[in-house]
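The values are calculated or read from the model by the stated rules, or taken from the named source; none is laboratory data. Everything numeric here is computed off the predicted structure, so don't read it as measured data. Using ideal geometry, Cβ is built from the backbone for each residue, glycine included, and neighbour counts are taken over all protein chains shown.
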Amino acid sequence: MIPVLSLLSLFALSTTGTFGAPTEAATIAGQSIPLLRRNPSPYDIGNLGALAKSQRNNAILKYGGQTKQRRSTGYNSIVDQQYDSSYYGTLAIGTPAESFDVILDTGSSDLWVAGSSCGTACGTSATLNPSSSSTFQNLSTPFEITYGSGDAEGYLGQDVVQMAGFSISNQGFAVVDSVSEGLLTSPVSGLLGLGWSSLATSQQTPFWQTLAASGAWDSALFAVQLTRYTNDSNAQTLEPGGVLNMGYTNSSLYTGSIEYIDIPGTPSYWYLPLDSLTVQGSSVTITSGTIAAIDTGTTNIGGPASSIEAIYANIPDSQPATGDYEGYYTYPCSTTVNVELSFGGSTWSISPADFAFSQTSSTECLGAFFEISTGSDITWIIGDTFLKNVYSVFRYDPASVGFANLSSVAIAENGAGGTVPSATIGAVSATVVSTSAAPRSYALSTSLSALFLAFSAIILL
């Protein structure tokens, strides 16, 4: 997600349950975060249209010194939910600690949670009461973010924030006391940005970046594995959604090597050069120097109109969709569509099940690729449609994104169902003190600095 939430993630991540993530070897230092996902009734055509429209609008809006201590053991159960529309995890805030479900979004960099004064707009989502924490500090600084789906306003504060066995004693974040109706869907209470500090509307250093820079992690990286339920007609509203690894990679979830591609220039979004794209074995022309953002907060994949048109030109009987589906295309569900993307010389396939975002009728399917115009150097937004097919690693230094093929263990989790993870706070084994907020000015290109800071991927309905 990126400020002005490009609701590309089309769904709010929820938390609950305890997903049976692959057992970690005792020698691996780091903590797994089970993720759940939520199925927003993809078979409800009316809701789907609204989601599709919101996703595209939000995607267009979106792209625009420390002390340290090594962690030993400890954990914090994290939940991810999002029926292939978004994934969320759980973190804890305050003293005593209270857990909150938050969307996990590599497309934005702010952490915010709903405050106790949020009112009816926050529905039944858990809310934070700052006065209940003995360590909360009000920074008395206004905070406001505009999403494709609405606005969130509040103020900045600092408090102890815990996640996956790691704790930052004075993490900056926003307490939101005003949100647009429908922006939050229970049990999600907010959002955790996993992008770089240069994108932070709050000017606070992101949770992950403080940990990576401080040496709290054995390896300065985090990794994501997402599950698939779009092709499971029996999928429930919440399902086990995968895992977030912090400070290490879980070799049981991938095969072969992790292929890293360095981020060109100053890190902001997790963006990479997109080398090539093929559909049904035919190459689609990609402009030289094309840049794509890798965004867990976006459900589908957005690209320039000319390229999207060329993709569907290779699929017989496909046609532009209308109404809420404007910018998308439909195609016969009987057609198996194979798409491959190439980053850094390696090619990665997208499952036909992920290309079929949903059905609009008994015979017509809605494709997962849609048209966007970002007005920036980043012209493609690569969301969960792609990320469900790879093990993704986000590395701090050198700033880079890595992909690896999923293992049979990871693939077996698709559609497997099981107990949905429930939020737990867990024990803290490493504490970090953040000594500075994110700098106000950043060495970004003119085009990048013109990007809309919006939460790009998640339609919070």
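When the range 154-165 is examined, which residues are found to be assigned to a strand (DSSP E or B) and either modelled with pLDDT under 95 or of a type in the set (Phe, Trp, Tyr) (or both)?
Filtering the range 154-165 down to residues assigned to a strand (DSSP E or B) leaves 154-163.
Answer for the range 154-165, where residues must be assigned to a strand (DSSP E or B) and either modelled with pLDDT under 95 or of a type in the set (Phe, Trp, Tyr) (or both): Tyr155, Gln162, Met163.
Quick one: would you say Gly172 is in the same structural domain as Ser109 (by TED's automatic domain parsing), within 14 Å of Val433 (Cβ to Cβ) and in a strand (DSSP E or B)? So that I can check it myself, show each step before the final result.
Values: in the same structural domain as Ser109 (by TED's automatic domain parsing): yes; within 14 Å of Val433 (Cβ to Cβ): yes; in a strand (DSSP E or B): yes.
Judged against the criteria, Gly172 is a match.
Looking at the range 316-352, which of its residues are among the β-branched types (Val, Ile, Thr) and over 14 Å from Asn389 (Cβ atoms)?
Result: Thr322, Thr330, Thr335, Thr336.
Quick one: Phe394 ticks every box in (1) part of a strand (DSSP E or B); (2) on the phi > 0 side of the Ramachandran plot bar one, so which box is it?
(2)
Do we find that Thr335 is in a loop (DSSP other than H, G, I, E, B), over 24 Å from the mean Cα position of the chain (by Cα) and of a type in the set (Val, Ile, Thr) in this structure? Talk me through it step by step, then tell me what you get.
Details: in a loop (DSSP other than H, G, I, E, B): yes; over 24 Å from the mean Cα position of the chain (by Cα): yes; of a type in the set (Val, Ile, Thr): yes.
Yes; evaluated as a whole, the condition is true for this residue.
Inspect all residues belonging to the range 88-106 and state whether any of them is more than 24 Å from Phe222 (Cα to Cα), part of a loop (DSSP other than H, G, I, E, B) and touching a Pro at 6+ places or on another chain (Cβ under 7 Å).
no
Assess whether Gly375 counts as being under 27 Å from Asp105 (Cβ atoms) and not in a loop (DSSP other than H, G, I, E, B). I'd like the intermediate steps shown before the answer.
Details: under 27 Å from Asp105 (Cβ atoms): yes; not in a loop (DSSP other than H, G, I, E, B): no.
Here the answer is no, as Gly375 does not meet what is asked.
When you go through Ser214, Ser178, Ser167, Ser219 one by one, which is the residue that is closer than 17 Å to Thr127 by Cβ and either under 19 Å from the mean Cα position of the chain (by Cα) or of a type outside the set (A, V, I, L, M) (or both)? Full working, then the answer.
Numbers: Ser214 fails: closer than 17 Å to Thr127 by Cβ; Ser167 fails: closer than 17 Å to Thr127 by Cβ; Ser219 fails: closer than 17 Å to Thr127 by Cβ.
None of the other options fit; the residue is Ser178.
Conditions tested, residue by residue: (1) at pLDDT below 90; (2) buried (at least 24 other Cβ atoms within 10 Å of the Cβ); (3) in a loop (DSSP other than H, G, I, E, B).
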| residue | (1), (2), (3) |
| --- | --- |
| Ser167 | no, yes, no |
| Val176 | no, yes, no |
| Leu191 | no, yes, no |
| Gln204 | no, yes, yes |
| Thr210 | no, yes, no |
| Val224 | no, yes, no |
| Asn231 | yes, no, yes |
| Gly241 | yes, yes, no |
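It is to be established whether one or more residues within the range 93-107 are surrounded by fewer than 24 Cβ atoms within 10 Å (Cβ to Cβ) and either within 29 Å of Pro267 (Cβ to Cβ) or at pLDDT below 85 (or both).
no
How many residues are in a strand (DSSP E or B) and surrounded by 19 or more Cβ atoms within 10 Å (Cβ to Cβ) when one looks only at the range 338-357? If you could, list the steps in order and put the result at the bottom.
Let us first name the residues in the range 338-357 that are in a strand (DSSP E or B), namely 339-343, 346-350, 356-357.
Within this subset, residues satisfying the condition of being surrounded by 19 or more Cβ atoms within 10 Å (Cβ to Cβ) are 339, 341, 343, 350, 356-357.
Matching residues across the range 338-357 total 6.
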